[in-house]
1. A:SER122 versus A:GLN181, label points 7 Å from Cα toward the beta carbon: distance in nm?
2. Hey, with R₀ at 35 Å, roughly what FRET efficiency would A:GLN263 and B:GLU247 work out to, going by the Cβ-Cβ distance, to 0.05?
3. What list of whole percents do you get for P(r) of region B:195-315, with Cα-Cα distances grouped in 10 Å bins up to the one holding the largest distance?
4. Counting other Cβ atoms within 10 Å, which trypsin sites (Lys or Arg not before Pro) in region B:352-399 have at most 12 and lie in a DSSP loop?
5. Assigning unit charges at the beta carbon (Lys, Arg +1; Asp, Glu -1) and nothing else, what dipole magnitude in debye, to the nearest 20, does chain B show about its Cα centre?
6. Using +1 on the beta carbon of Lys and Arg, -1 on that of Asp and Glu, and nothing else charged, what's the dipole of the protein assembly as shown about the Cα centre, debye to 20?
7. Once the Cβ-Cβ distance between A:LEU111 and B:GLU112 is put in as r, and R0 is 60 Å, what FRET efficiency do you end up with, to the nearest 0.05?
8. With viscosity set to 1.567 mPa s at 4 °C, what whole-number translational diffusion coefficient in µm²/s follows for region B:246-315 from Stokes-Einstein and a Kirkwood radius over Cα pairs?
2 protein chains.
Amino acid sequence: MKACGLIVEYNPFHNGHVYHVEQSKEKTNADIMIAVMSSSFLQRGEPAIIDKFHRTKAALNRGVDLVVELPFAFAVQYADLFARGAILTLSELNVDYVCFGSEAGNIQPFLEGYDHYQNYKSHFTDELHKQLDQGLSFPQASKKAYQTIDLATGEIDLGQPNNILGFSYVKAIKELGSTIQPETIKRTKSGYHDEKIEHEIASATSIRKEIIKDRSITDSAYKALPVETIEHLKEYLNLTSNWHDWELYFPYLQLLVQTKSHQELRQIQGVIEGLEYRLKQTVQEATDFHSWMTLLKTKRYTWTRLQRMFVHLLTNTTKEDLEKYSEMKQAPYTRILGMNQKGREYIQTIKKDMNVPLISNIQELKHPMLVLEEKATDAYYIPHSPKVKQQLKKQELTGPIII
Amino acid sequence: MKACGLIVEYNPFHNGHVYHVEQSKEKTNADIMIAVMSSSFLQRGEPAIIDKFHRTKAALNRGVDLVVELPFAFAVQYADLFARGAILTLSELNVDYVCFGSEAGNIQPFLEGYDHYQNYKSHFTDELHKQLDQGLSFPQASKKAYQTIDLATGEIDLGQPNNILGFSYVKAIKELGSTIQPETIKRTKSGYHDEKIEHEIASATSIRKEIIKDRSITDSAYKALPVETIEHLKEYLNLTSNWHDWELYFPYLQLLVQTKSHQELRQIQGVIEGLEYRLKQTVQEATDFHSWMTLLKTKRYTWTRLQRMFVHLLTNTTKEDLEKYSEMKQAPYTRILGMNQKGREYIQTIKKDMNVPLISNIQELKHPMLVLEEKATDAYYIPHSPKVKQQLKKQELTGPIII
């Protein structure tokens, strides 16, 4: 029985991973599809629009057989660390393939690119540091560095977002000495493969804004989104009266910046290079999250970087909390969020050979990474009413979702 | 020209200081009335129902000539420290008298009581520590200790709240070697001297709860409160859509307890004797502030003590922030919140002899106590909309209120 791993976030508006289950299955000819899914906050530094449990249900409905959690400590990080966390998690589940979407759409240039990168690694690193010193952001600097070693043109353009992430997966597989075989399917920029859908969604972001503003599914959203997605969105809104969006967290972030000292802000992951001063200088002027971001943004402090920092501020995640995880060689545990019958059978088969604890709720194990996970969940749910918070939090303390 | 100092909080429902301007003036025969007023949070550990600027206007309307700020670092503390801060502040203003309300209503037993206390101080201290070790709260333990040295019976019962505070004023005056002459007027338990009003307000607390719940002045509030008070309450509600009450801050406190580690909680002023564990254990269960308090309260963790701790948690005020102020011998500055023409003239007269900076907004001086003040203001305003916050915060950055 062959297993294929997918790395997903499952935010209805933000990525197309949701649409690549079928194609990945076809590509790899796998019997079972396993998704490792970001928990409450996403790689680009945003709260997921609905919680991880509702997104798990959505993934299972979309043909995934088993959903495991990408720990918070990995989920809101730069591509290489995100990728390492995802590959470590999938490795424990003994998957044969990892299939990701990329602009390139062909795995060969990634593999050749990796060999090339290995040969020119010192060139790459020198150029990266040079560009960083000149004030470029990490993504910009690494793009320039890839250009220097000829990896930003031709078949694999490491200036494109999904190629970058895909290259990070390949790097993680190789660096960890994993036997997982990487595969890729073509992914267009908007992340949707169905040309019709892609056409209809002129701008996923604008629809997202529209429905969050209205707190209802608008006509254009009905046209643009798959029916199951709409159902999950509606269900969550009925339950909580909210869809998660940074604006809901704005007063909390304000309070934290206003009451923490510069020294305390500096301890937060992502508060670097004097950002603590800029945060304090702008907090008073901002009238909402978006206006604050606009005030904060510079060439160096990119939108994504600032958003990730805000996730860490909200959850009180310090540099010290995370530093021990960047060189991790093994996932600390495997947490099942949900599965169908096939997923269950698969787990029964591989269980005896697993090297790390298999858990389905955060009470089953004491681990500092689960402490971070719980903080992220609590912070994520904070805009809800107390009763709704209690109800949703229960999902974190009970077994996996089984369909 | 004789000046009389009053120590006020000016919360419409919580104390009667507001009603004793006239009586104090009569008692001391002073020409000018100066009030030192708690800023955003009150001694019992509560957010003031309306902000310090609106309470300043109310005080000026009530016959006070000059209102100065009791710094946050002193305002939310146990009686002795609160008193020390107030007396230090009034000393800089060269007042001749301090007049306070007390159940005793006669200054002589306070003065004799102080001499007696001096003679039996070591007895008192021994008994206090013994009682504290046995698990009593500070107010309970000090009541017992006063009993041991015969100060909790007869003319001055140091088991009664206003007597305790009054005795702390006398102690502060004596210990600081101040020439201020203490005076007292009789104050009944509810804090209202007008028998009629007192009768009508069977329970000020219940009216407070009622109007906060309804966000409007109820019939019983109209009957019970002076017309100016009602006007100030209405004005603030129109401006902000809120009256401040702990319930507004509940989700913020939840987030802070959920995302701080035990070690971080332990650094907060008032988190003592394992309270950090109790906070974490109960945070999930509470559905509002009141239910949380009920879950937290014990013989040792009194309501007042817990509320003060929550003020410090909300404002991120640590033990380290405050430890340097408990032995202060001089106010760090004098901040004018508001004055009338008479107050202005008085300030002109004494200005040249003042030993500390005279300021009217927090931008005029760099001092760590003003950093704490600004944090308290920001945290206090956090439940308002961003635009209202900006508007109200301006008051902190501009001159005094002049009527």
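Quick note: the coordinates plus some simple rules give every number you see, no bench work behind them. As the structure is a computational prediction, the values presented were derived from the model and not from experiment. Backbone-built Cβ (ideal geometry, glycine too); neighbour counts: all protein chains shown.
1. My value for the distance between the label points is 3.6 nm.
2. 0.65
3. Going from the shortest bin to the longest, the percentages are 12, 36, 26, 21, 6, 0.
4. Counting only loop positions with at most 12 other Cβ atoms within 10 Å, the trypsin sites (Lys or Arg not before Pro) in region B:352-399 are B:LYS366.
5. Details: 48 positive and 50 negative charges, 141 e Å.
That gives chain B a dipole magnitude of about 680 debye.
6. Details: 96 positive and 100 negative charges, 11 e Å.
Here the size comes out at about 60 debye.
7. E(calc), rounded to 0.05, equals 0.05.
8. It comes out at roughly 110 µm²/s.
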